[in-house]
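**Q** Sharing a structure, written as C-alpha cells. Questions coming.
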Amino acid sequence: MRWSQTFIPTMKEVPSDAEVPSHQLMLRAGLIRQLMAGAYTFMPLGYRVVRKVSQIVREEMDRAGGVELFMPAIQPIELFERTGRKEAFGNVLFNLEAKRGDRNLQFALGPTHEEVITDLVSREIKSYKQLPITMYQIQTKFRNEERPRFGVLRTSEFLMKDAYSFGASIQQLNEAYDAMYNAYCRIFERCGLEYIPVEAESGPIGGDASHEFMAPADNGEDFVVRCSGCEYAANQERADTGRSSSIPPAVNDAADPRKVDTPRAGTIEDVSKMLSADPATFIKTLIYSVSNGDPDESSDENIPPKTVAVLVRGDHEVNEGKVRRALGASRLELANEATIEELTGAPVGFAGPVGIQCDYVADHDVALIKSAITGANEKDAHLTGVIPGTHFELTETHDLRNAIADDPCPRCDGTLETVHGIEVGHVFKLGTKYSESLNAVFLDREEQKHPIIMGCYGIGVSRVVAAIVETCHDDGGIIWPESVAPYTVELIPLNIKDEETMTTANRIYDELSAGGIDVLMDDRDQRPGFKFKDADLIGLPVRVIIGGKGLKEGNAEIKLRTDSQATKVPIGEACDYVRRIVSAG
RNA sequence: CGGGACGUGGCUCAGCCUGGUAGAGCGCUGCACUGGGGGUGCAGAGGUCGCAAGUUCAAAUCUUGUCGUCCCGACCA
C-alpha cells in the first residue's frame, strides 16, 4: 500500500481527552477516531490490526475444534426475560423498540450470546450423539457501559470472540474448557501479548470453573494477585489470602476498653489522625443486610433481610463475595443509614463489635490484633484497648477481605504481590444455568433427559488490540509485534522528487509485495525527519530507507523498530535481507 | 449513579478574573527555497467562542439552565 492512497491521519500533538498511552497512540497513529463516548471508528490502519488479531483467534479456535457461526446482534427481549438477565443486566442492556404494523416489538442489542445460542441448540440438538460441540463467532457486542473509558479499552460497542461449548457430561465440559484454555494461551502468545491466566469468580459450579486472562499493564482496571514463589495467580475479587484461623485465648485480667471522644470522626482515616494510631490497629465494622435462600426463587422476597456486622482490620477491604460465601447468603448489601442508626444507636462511622446487637463475622486478621480501636456504638466516640476474644466473643474467623501485597500465598510459603491487568479473555464453566432456563436438553443412551452442560469463552478482540498498544510502545510510538502489525515493512523513499530514489523504491516495493510481504510505502512529499517520526509512531516492525547517502553508496538502510541503528544492505540484496529477518521473526 | 474538570478554526492552547477589534503555534491551500529526525519565507483560506435564556448600550468574558467530552469513585455476564 502506498501511504498517499490510503488514509492514515497521524497527529503530532496528543489529543487532550486521551489519558492512557494506548488511547493517545491509537489516536495519534491514526488507528481509531472517536464518534462519541464509548464508540470508535477503526480507521484503515487500525482495522488491519483488528483483522490480523481476528485471524489468529479464528485459526486457534478452529484448531481447538470450534466451528464458526454468526448470530444476530438484535435479539428478542423475551429470551433475556426467560433467563432472568434482563434484570441482571439492567441498564447495561441496550433496549430498543421498533414498530411493525401496529405491533411494538422489543429487542435488545446483544451484550453476549448465551441466550441466542442456547435457544438455537435447544431446537436443534436432541441427542447425546450430537454432543459435544463448541461454536464460536467474532461479532460486535453492545453494552451500555456506565462509564466507557480509555479509548477502545472499554466501549459500549466492541468486537468480541465468543465461544460456547455444549456437552453431555462434566467430562466433556472439562475437555472443551481445557481446549479453550490452551487455545487462549496460544492466541495471546501469537499476538505478542504478555498474559497471566488467573483464577476468577466462578459462580455456582465452584472449584476452578473460571479463569481470566490478564495482560499486565499499569492502566489495567483489574487487580491481579500473584505469588512470587509459585504459579498461583487470581483476580483480587477471588484471591485467597493464605491466612488461617487463630482464635486468641481470652485474657482474664484485661483492663476494660477505654472510651475516647472522637467528635465528627466517622472514618478510619479521621480517627487514626485524631488518635495518631495506625489503621492496622483498627477493627473496621461494616453493617450489611443479608438475605438467605435460593437466589433463583423469587419467594425469598418474603423473608426479611438479616443484619450482620462484618469485622476486618482497619486497613483492609471487605470482599463481599467472600462474605456472601461465609454466610451462605444469596444477597448482600451495605445496610442503609437508618438501619445502622437503629442498630448501633449512632450515626454511620461509629459501629464496633463490643456490645453490638446483631450477629457478626470476623476476618482472620482481626483476631491477631492485640489491642484494637473500634467504634463505640455511640455518636462521636471510639473504644481503645479492645482485645478480640476478650471484650467481644470470637470463636471462629473467616477469610473475608481482599488479598493484598505481602499476604502469604495460599498455595506455598511465598508471598503475594498485586499487579494491574487488562482483562483480555475469560473462560467460564457455565453448567446448566442457561440450558435449564431455555430448555436445552438431550436424551442419553437410556432415554433420560438432561440439561446440556455448557461453557462460555470470550476474548475482547478490540480490547486485545488496545492492550497490545498499551504494553508495546516507547516514547516514539507503537512497537507492533510482527504477527499483528498492520503492515510488516515501511518503505521510505527519502525524496520522492528524486528519480533514482523512486525507481529503486518502486522496484523494492513491487518485489516485496509480490513475495507476500505487507509493505507500506511512505510516498508522501515530506522531509525525511517527518517521515521518520511518523514511522516510529505507527510502529511497523521493519523499516527500509531508500535514498540520500545510502543510495549513493548503493545501499538500502534496514532497521527494526526495536533497533537503534540501521544496517546497510546492498540494494540488490535488500529484499532477500528483509525476507530473512521477517521469516526469522 | 455520586464527585471533579473542561468545551474558543482540523489539533494543542492563550484571551475570561477586571464586559468593548477573536489571537498564537502546528495543520490546510498556492508559490518559492529546502531535502537524513515533525524545515524556511511570502501570500491565503478557515471560528454561530458547544447550545439556550438572562443581565447590559455592549457578552468568548458575568448569571442560570442545558448538551457534550474527560477524570476519580460505584457498577461491570
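**Q** Which number in (1) of a type in the set (S, T, N, Q); (2) under 30 Å from A:ILE422 (Cα atoms); (3) buried (at least 16 other Cβ atoms within 10 Å of the Cβ) marks the one condition that A:SER291 misses?
**A** (2)
**Q** Residues in region A:60-80: is at least one under 21 Å from A:GLU482 (Cβ atoms) and within 16 Å of RNA strand B (Cβ to nearest atom)?
**A** Within region A:60-80, not a single residue is under 21 Å from A:GLU482 (Cβ atoms) and within 16 Å of RNA strand B (Cβ to nearest atom).
**Q** Also, quick follow-up: Considering (1) at pLDDT 95 or above; (2) over 30 Å from A:LEU35 (Cα atoms); (3) away from RNA strand B (no atom under 15 Å from the Cβ); (4) not in a strand (DSSP E or B), say which one A:GLY207 fails and leave the rest.
**A** Failed condition: (1).
**Q** Name the single residue that is nearest to RNA strand B (Cβ to nearest atom) among those in region A:477-522 being touching a helix residue (DSSP H, G or I) at 6+ places or on another chain (Cβ under 8 Å) and of a type in the set (Ser, Thr, Tyr).
**A** Ranking the qualifying residues of region A:477-522, first place goes to A:THR501.
**Q** Among the residues of region A:373-383, is there at least one that is open to solvent by 10 Å² or more (accessible area, probe 1.4 Å) and among the hydroxyl-bearing types (Ser, Thr, Tyr)?
**A** no
**Q** Which one is surrounded by the most Cβ atoms within 10 Å (Cβ to Cβ), of the residues in region A:116-146 that are of a type in the set (D, E, K, R) and away from RNA strand B (no atom under 13 Å from the Cβ)?
**A** So the residue we want is A:ASP119.
**Q** Sticking with this structure for a sec: Quick one: A:HIS113 ticks every box in (1) buried (at least 22 other Cβ atoms within 10 Å of the Cβ); (2) at pLDDT below 95 bar one, so which box is it?
**A** For A:HIS113, the exception is condition (2).
**Q** Could you look through region A:5-28, keep only residues that are away from RNA strand B (no atom under 11 Å from the Cβ) and more than 21 Å from A:GLY421 (Cβ to Cβ), and pick out the one that is surrounded by the most Cβ atoms within 10 Å (Cβ to Cβ)?
**A** Among them, the one singled out is A:THR6.
**Q** Okay, next question. Looking at A:ARG123, A:ARG103, A:ARG149, which one is in the same structural domain as A:GLN55 (by TED's automatic domain parsing), within 30 Å of A:ASP17 (Cβ to Cβ) and basic (Lys, Arg)?
**A** That would be A:ARG149, the only listed residue that is in the same structural domain as A:GLN55 (by TED's automatic domain parsing), within 30 Å of A:ASP17 (Cβ to Cβ) and basic (Lys, Arg).
**Q** Under the condition of being in contact with a strand residue (DSSP E or B) (Cβ under 6 Å, 6 or more places away or on another chain) and surrounded by 19 or more Cβ atoms within 10 Å (Cβ to Cβ), which residue from region A:399-409 is farthest from A:HIS316 (Cα to Cα)?
**A** Here the residue is A:CYS409.
**Q** Still on this structure, I have one more. Among the residues of region A:542-560, how many are within 19 Å of A:VAL519 (Cα to Cα) and more than 10 Å from RNA strand B (Cβ to nearest atom)?
**A** So the count comes out to 4.
**Q** Mind checking which residues of region A:40-70 are surrounded by fewer than 18 Cβ atoms within 10 Å (Cβ to Cβ) and either in contact with a helix residue (DSSP H, G or I) (Cβ under 9 Å, 6 or more places away or on another chain) or within 20 Å of A:HIS23 (Cα to Cα) (or both)?
**A** Passing the criteria: A:THR41, A:PRO44, A:TYR47, A:ARG51, A:GLU59, A:ARG63, A:GLY65, A:VAL67, A:GLU68, A:LEU69.
**Q** Which residue pairs have Cβ atoms closer than 8 Å, lie 6 or more positions apart in sequence or on different chains, and pair a first residue in region A:406-420 that is assigned to a loop (DSSP other than H, G, I, E, B) with a second residue that is β-branched (Val, Ile, Thr) and at pLDDT 90 or above?
**A** As it stands, the answer is A:ASP406/A:THR415; A:ASP407/A:VAL225; A:ASP407/A:THR415; A:CYS409/A:THR415, since those pairs meet every condition given.
**Q** All but one of (1) within 12 Å of RNA strand B (Cβ to nearest atom); (2) under 30 Å from A:ILE56 (Cβ atoms); (3) open to solvent by 30 Å² or more (accessible area, probe 1.4 Å); (4) without any contact (Cβ under 8 Å) to a residue 24 or more places away in the chain hold for A:ASP576; state the number of the condition that does not hold.
**A** (1)
**Q** Restricting attention to region A:423-446, and to residues there that are assigned to a loop (DSSP other than H, G, I, E, B) and modelled with pLDDT of 95 or more, which single residue is nearest to RNA strand B (Cβ to nearest atom)?
**A** Selected residue: A:LEU438.
**Q** Would you check which residues across region A:410-443 are among the charged types (D, E, K, R) and surrounded by 15 or more Cβ atoms within 10 Å (Cβ to Cβ) and list them?
**A** A:GLU417, A:GLU423, A:LYS429, A:LYS433, A:GLU436
**Q** Separate question: So how many residues does region A:166-202 have that are open to solvent by 20 Å² or more (accessible area, probe 1.4 Å), in a loop (DSSP other than H, G, I, E, B) and either within 20 Å of A:GLU114 (Cα to Cα) or among the hydrophobic types (A, V, I, L, M, F, W, C) (or both)?
**A** So the answer is 3.
**Q** Hey, another quick one. Please go through region A:456-476 and give me each residue that is open to solvent by less than 20 Å² (accessible area, probe 1.4 Å) and more than 13 Å from RNA strand B (Cβ to nearest atom), ordered by number.
**A** Across region A:456-476, the qualifying residues are A:VAL464, A:VAL465, A:ALA467, A:ILE468, A:VAL469.
**Q** Here are some residues: A:ASP510, A:ASP474. Which one is more than 27 Å from the chain's Cα centre (by Cα) and either modelled with pLDDT of 95 or more or not aliphatic (A, V, I, L, M) (or both)?
**A** Result: A:ASP510 is the single residue among A:ASP510, A:ASP474 that is more than 27 Å from the chain's Cα centre (by Cα) and either modelled with pLDDT of 95 or more or not aliphatic (A, V, I, L, M) (or both).
**Q** For A:GLN55, state whether it is within 24 Å of the chain's Cα centre (by Cα), near RNA strand B (Cβ under 9 Å from one of its atoms) and not hydrophobic (A, V, I, L, M, F, W, C).
**A** So A:GLN55 does not fit the description; no.
**Q** May I ask you to list pairs of residues, at least six apart or on different chains, whose Cβ atoms are under 7 Å apart, with the first in region A:117-134 being in contact (Cβ under 8 Å) with a residue 60 or more places away in the chain and assigned to a helix (DSSP H, G or I) and the second being of a type in the set (A, V, I, L, M) and surrounded by fewer than 17 Cβ atoms within 10 Å (Cβ to Cβ)?
**A** Pairs that qualify, where the first residue is in contact (Cβ under 8 Å) with a residue 60 or more places away in the chain and assigned to a helix (DSSP H, G or I) and the partner is of a type in the set (A, V, I, L, M) and surrounded by fewer than 17 Cβ atoms within 10 Å (Cβ to Cβ), are A:TYR128/A:LEU443.
**Q** Of the numbered conditions (1) outside any helix (DSSP H, G or I); (2) under 26 Å from A:MET61 (Cβ atoms), A:ALA98 satisfies every one except a single condition; which is it?
**A** Going through the list (1) outside any helix (DSSP H, G or I); (2) under 26 Å from A:MET61 (Cβ atoms), A:ALA98 breaks only (2).
The values are calculated or read from the model by the stated rules, or taken from the named source; none is laboratory data. Everything quoted here is computed from the prediction, not taken from an experiment. Note that we place each Cβ from the backbone using ideal geometry, even for glycine, and neighbour counts take in every protein chain shown. The area values use the complete protein model at the heavy-atom level, side chains included, leaving out ligands, DNA and RNA. Shrake-Rupley method; radii C 1.70, N 1.55, O 1.52, S 1.80 Å.
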